[in-house]
Amino acid sequence: MIDTVSSMTGFGRAKKSFDGFDVTVEIKSVNHRYFEFSSRVPRAYMFLDEKLKSCLQEKISRGKVEVGVVVEDTSGKSIVLDVNKDYADAYLTALRELGKVYDLEDDVKLSSLVSNSEIFVPRKTEIEDEVISLAVIETAKEALDVFVSMRGAEGKRLVDDVVSRTKTILSKVEFVESRSPETVKEYRQKLENKMKELLGDVHIDEQRLLTETAVFADKIAVDEETVRLRSHICELNNLFEVGGPIGRKLDFIVQEMNRETNTIGSKCSDIDITKTVVDIKAEIEKIREQIQNIE
């Protein structure tokens, strides 16, 4: 099975309801050389960090990934009121002492205590770790599926763009390959005209002319470079066919493409080839920018 080429930029969100609570998980990522994980998890559930990281690493190999988890109570039973009995005893004693001091009737009722908020201490009940762990991971997997799908769609767009640019480069390489021999012919003709101009009616040394032309042809020959450039483009496209995490390999190939193009540019003296090399370099730079986003 051929793997999808994925972008390192993506977003995925899922929300699921469980017995008494809802879980929302958001996953987002941007470019990064390696896999870097961070999370925003409620303090009570920090133990989920490693489990979430392991879950995501099953389908993500590169990118700076951030996961956010929100757990919301839907049962209405998450808050429990504990009675501060020591405080209540002291409060009740103080009330009765006050009655004695001022000779008041002892009519202390439950309502007298309820009015004092210090007697009741709210406490939030916690969901069992195992229950919340299973719920969060289940939700995270759904968010991850959305996330992976989005990265795949973006990856396809990147691949289509790069492939289109490689076709443009190949057409320009064809021009360089066809134009290069013509520059040799033009050089020979210019050299011959120059020699005639200088020597007049004196017989031109044909062997000398051939030798000078051969030296020039060897100096500007770019056959090896164009062959290697074609080979790199072929390898680039083969990697797209294979898919998977190929970003680092692509980066190396593009460096080699740029190296061959620079060599062609340094050898050529023809203005048309020079312009074409500039165009090729511009396309390679755009390809380099695009593959920085590929996982």
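Output the number of residues of segment 87-107 satisfying the condition of being surrounded by 11 or more Cβ atoms within 10 Å (Cβ to Cβ) and of a type in the set (Val, Ile, Thr).
0
Answer with yes or no whether Thr213 is in a helix (DSSP H, G or I), of a type outside the set (A, V, I, L, M, F, W, C) and either buried (at least 16 other Cβ atoms within 10 Å of the Cβ) or modelled with pLDDT under 75 (or both). Give the derivation first.
On the way: in a helix (DSSP H, G or I): yes; of a type outside the set (A, V, I, L, M, F, W, C): yes; either buried (at least 16 other Cβ atoms within 10 Å of the Cβ) or modelled with pLDDT under 75 (or both): yes.
Yes, satisfied.
Regarding Ser180, is this residue over 24 Å from Lys16 (Cα atoms) and among the polar types (S, T, N, Q)?
So Ser180 passes the test.
Looking at segment 234-247, I want the residues that are in the same structural domain as Arg165 (by TED's automatic domain parsing) and have a partner that is hydroxyl-bearing (Ser, Thr, Tyr) and modelled with pLDDT of 95 or more with Cβ atoms under 8 Å, at least 6 apart or on another chain. Which pairs are those?
Leu236/Thr166; Asn237/Thr166
Out of (1) at pLDDT 90 or above; (2) over 30 Å from Tyr34 (Cα atoms), what's the single condition that is false for Lys219?
(1)
Just checking, does segment 81-92 include any residue being farther than 30 Å from Glu36 by Cα, part of a strand (DSSP E or B) and either at pLDDT 80 or above or of a type in the set (Val, Ile, Thr) (or both)? Before you say what the answer is, go through the steps one by one.
At the first step, the residues of segment 81-92 found to be farther than 30 Å from Glu36 by Cα are 81-92.
Imposing the further condition that a residue be part of a strand (DSSP E or B) reduces the set to 81-83.
After this cut, where a residue has to be either at pLDDT 80 or above or of a type in the set (Val, Ile, Thr) (or both) as well, the list is 83.
Yes.
What's the number of the condition Ile253 fails, among (1) under 30 Å from Gln57 (Cβ atoms); (2) at pLDDT below 65?
(2)
Could you tell me whether segment 57-66 includes any residue that is assigned to a strand (DSSP E or B), hydrophobic (A, V, I, L, M, F, W, C) and at pLDDT 95 or above?
yes
Give segment 245-268 a look and list any residue that's among the small types (Gly, Ala, Ser) and more than 23 Å from the chain's Cα centre (by Cα), or say none.
Gly265, Ser266 - these are the residues of segment 245-268 that are among the small types (Gly, Ala, Ser) and more than 23 Å from the chain's Cα centre (by Cα).
Could you check segment 268-278 and list, in sequence order, the residues that are part of a helix (DSSP H, G or I) and either small (Gly, Ala, Ser) or surrounded by 15 or more Cβ atoms within 10 Å (Cβ to Cβ) (or both)?
Within segment 268-278, Ile273, Thr276, Val277 meet the criteria.
The values are calculated or read from the model by the stated rules, or taken from the named source; none is laboratory data. Quantities reported herein were computed from a predicted structural model and do not represent experimental measurements. Note that each Cβ is placed from the backbone with ideal geometry, even for glycine, and that neighbours are counted across all protein chains shown.
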